[in-house]
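Student: Sending over a structure as structure tokens; questions will come in a sec.
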């Protein structure tokens, strides 16, 4: 029974990372589209939402790291690797979106 509860808790962590990382990526993509159409306020709002999603994912990771530091080892399997991949893609996409928005803004000013 304890193993089942641990598996369920681990899958909640995995799904949290996938969900929040995916949300951040989608929000960053939306920000690019808004900037492309000249809506820089909307683009910034979408980046702000991406940042909130990334904070949520970071909170999930922090909880996981705290558990690890307390001696509660987290099994690293393909699910966890996949979740971390989603999170890193969200972070990278958000960072690139900020740069692309700045380019669109510069083009609009000229």
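Values in this text are rule-based calculations from the coordinates and carry no lab data. What you see is a predicted model; the values in this text were computed from it and never measured. Every residue, glycine as well, gets a Cβ built from its backbone with ideal geometry; the counts of neighbours run over all protein chains shown.
Student: May I ask you to derive the FRET efficiency for residue 108 and residue 29 from their Cβ-Cβ distance with R0 = 25 Å, giving the value to the nearest 0.05?
Tutor: With R0 = 25 Å, the Cβ-Cβ based efficiency is 0.85.
Student: For semi-axes √(5λ) of the Cα gyration tensor in Å, pick the label among [x] 25, 17, 12; [y] 35, 11, 10; [z] 22, 15, 12 that corresponds to the value derived from the coordinates.
Tutor: Answer by label: [y].
Student: For residue 73 and residue 59, compute 0.36 nm times the residue count separating them, minus their Cα-Cα distance, and round to one decimal in nm. Please list the in-between numbers first.
Tutor: On the way: separation 14, 0.36 × 14 = 5.04 nm, distance 1.76 nm.
Between residue 73 and residue 59, full extension yields an extra 3.3 nm.
Student: Note the angle between two axes, namely the Cα long axis of helix 40-69 and the longest principal axis of the Cα atoms of the chain, as a number of degrees from 0 to 90, rounded to the nearest 10.
Tutor: 20 degrees
Student: Which whole-angstrom value gives the distance between the alpha carbon centres of region 63-100 and region 4-30?
Tutor: 9 Å
Student: In percent, how large is the relative contact order of the chain, given Cα pairs closer than 8 Å and 6 or more residues apart? Could you put the intermediate results ahead of the total?
Tutor: Details: 114 pairs, mean separation 45.8, N = 110.
Here the relative contact order equals 42 percent.
Student: Follow-up question, since we're still on this one. In deg cm²/dmol and to the nearest 500, what is the mean residue ellipticity at 222 nm of the chain if only DSSP H runs of at least 4 residues count, each as -39500 (n - 2.57), divided by the residue total?
Tutor: So the helix-based figure for the chain works out to -32000 deg cm²/dmol.
Student: Right, next: In degrees between 0 and 90, to the nearest 10, how far off the longest principal axis of the chain does helix 2-36 point, with axes built from Cα atoms?
Tutor: Value to nearest ten degrees: 0.
Student: Order these peptides, 73-81, 30-38, by their mean beta-carbon neighbour count within 10 angstrom, highest first. Display every interim value, and only then the final one.
Tutor: On the way: 73-81: 11.7, 30-38: 17.7.
My ranking of the peptides, most packed first, is 30-38, 73-81.
Student: What's the extension gain from residue 19 to residue 39 if we count 0.36 nm per residue and subtract their Cα-Cα distance?
Tutor: Numbers: separation 20, 0.36 × 20 = 7.20 nm, distance 2.62 nm.
Length difference between fully extended and current span is 4.6 nm.
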